[in-house]
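Encoded as structure tokens, the structure appears first; notes follow it.
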Amino acid sequence: MLAGWTRIALGGHAVDVFDPPGAAPQAVLYLHSLREESPATDSTFTTELKRHRLRCAAPAGGWCWWADRICSEFDTEITPECFLLESLVPWMESAWGLGPRTLALAGVEMGGQGAVRLAFKHPDRFPVAVSVSGAFDCQDWYGAGTPLDEMYESRERCRLDTALLHLDARDWPAHLWFCCAPDDAACYRGNDRLREKLAAMGVPHTADLDTRAAAGTSYTEFMTPKALAFVADALGRVAKRLM
């Protein structure tokens, strides 16, 4: 764990927490991918949090897909989404004295789709969402022996719970940014479909589906500065509108 990070236990779940000196009254809720990574060990992510004076909370969730479905790998009594909304977010707001509309969602792959889905479902609570390589077609993982198989009755039920189908044509997060490498065979199609749907509905968004990572750098590491710069700018814009 890098300097500045601590780990807390909340409702029986581990959460990595970052609270830099002089932090702005805003924070990022980070949702990890199937690799179950934590930004607490990511020097690029941590550097960008410091640069933008952003607090961050990053829960450990296993392969839960951050859905509003019981996943025994995560918890047998509360869904991942309920944990975020009823336990973690209130803790962040109380511990850091955060006001309304001061939280951004961010995630990679499984976490990217989770961040966008949660923002689509609760746009007033999460006015900003960013996704890197979001796995928006999570039904493609159904039937492969993952927790999705117990969370949903069928591939179709899984598809009906994807982020795109939670988008309200009358209400959406004010600031949405997502990216995916054009050679990402697992996730590109879902990102492209999301871009097309948002454009057709007239939903403001920023999508980068053309950039490739520089040689010797992972795509996530390469796009992290852009994602967190968007978060900082968007949260700043939201704060100004609330004044």
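The values are calculated or read from the model by the stated rules, or taken from the named source; none is laboratory data. Since the structure is predicted, the reported quantities are computational estimates derived from the model, not experimental observations. Every residue, glycine as well, gets a Cβ built from its backbone with ideal geometry; the counts of neighbours run over all protein chains shown. Accessible surface areas use protein heavy atoms only, side chains included; no ligands, DNA or RNA. Shrake-Rupley method; radii C 1.70, N 1.55, O 1.52, S 1.80 Å.
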What does a probe at residue 201 reach in the range 89-120, counting residues whose amide N is under 16 Å from the point 7 Å along Cα→Cβ? 113-120
Which value does Rg/Rh take for the range 1-93 over its C-alpha atoms, Rh per Kirkwood? 0.97
Quick one: 3J(HN,Hα) in Hz for the range 6-23, Karplus 6.51/-1.76/1.60 with θ = phi - 60°, rounded, Gly and Pro as x. 9, 10, 10, 10, 9, x, x, 10, 7, 9, 8, 10, 10, 9, x, x, x, 4
Once you order the gyration tensor axes a ≥ b ≥ c over the Cα atoms, which shape class does the range 147-243 get: rounded for a/c under 1.5, otherwise prolate or oblate by comparing a/b with b/c? oblate
Cut-off under 5 Å, modelled amide H: who pairs with residue 55 long-range: 24, 26, 28
Cα-projected label distance for residue 149 with residue 239, points at 7 Å along beta-carbon direction, nm: 4.7 nm
Indicate the helices, whole DSSP H runs only, in the chain that combine a mean Kyte-Doolittle hydropathy of 0.0 or more with a Cα extent along their long axis of 24 angstrom or more. 219-242
Largest to smallest accessible area among 220, 206 [probe 1.4 Å]: 206, 220
At 1.4 Å probe size, with no ligands or nucleic acids counted, give the accessible surface of residue 124 in Å², nearest ten. 100 Å²
Specify which residue in the list 25, 131, 1 is farthest towards the positive end of the charge dipole of the chain, using unit charges on the beta carbon of Lys, Arg (+1) and Asp, Glu (-1), about the Cα centre. 25
Would you kindly find the accessible area of residue 78, with a 1.4 Å probe and non-protein molecules such as ligands, DNA and RNA excluded, rounding to the nearest 10 Å²? 40 Å²
Per residue, how much accessible area does the range 73-150 show when a 1.4 Å probe rolls over the protein heavy atoms, in square angstrom? 31 Å²
No partner Cβ under 4.7 angstrom, meaning no disulfide-compatible partner by this rule: which Cys of the chain qualify? 56, 82, 138, 158, 179, 180, 187
With all protein chains present, how much of the accessible area of the chain (probe radius 1.4 Å) comes from carbon and sulfur, to the nearest whole percent? 50 percent
From the C-alpha coordinates alone, can you work out the Kirkwood hydrodynamic radius of the range 77-182, in Å? 14.6 Å
Using just the helices of the chain, give the 222 nm mean residue ellipticity in deg cm²/dmol: DSSP H runs with n ≥ 4 each add -39,500 (n - 2.57), and the total is spread over all residues, rounded to 500. -10000 deg cm²/dmol
Rounded accessible area of residue 52 (nearest 10 Å², 1.4 Å probe): 50 Å²
Nothing charged except the Cβ atoms of Lys and Arg (+1) and of Asp and Glu (-1): what's the magnitude of the dipole of the chain about its Cα centre? Round to the nearest 20 debye. 980 debye
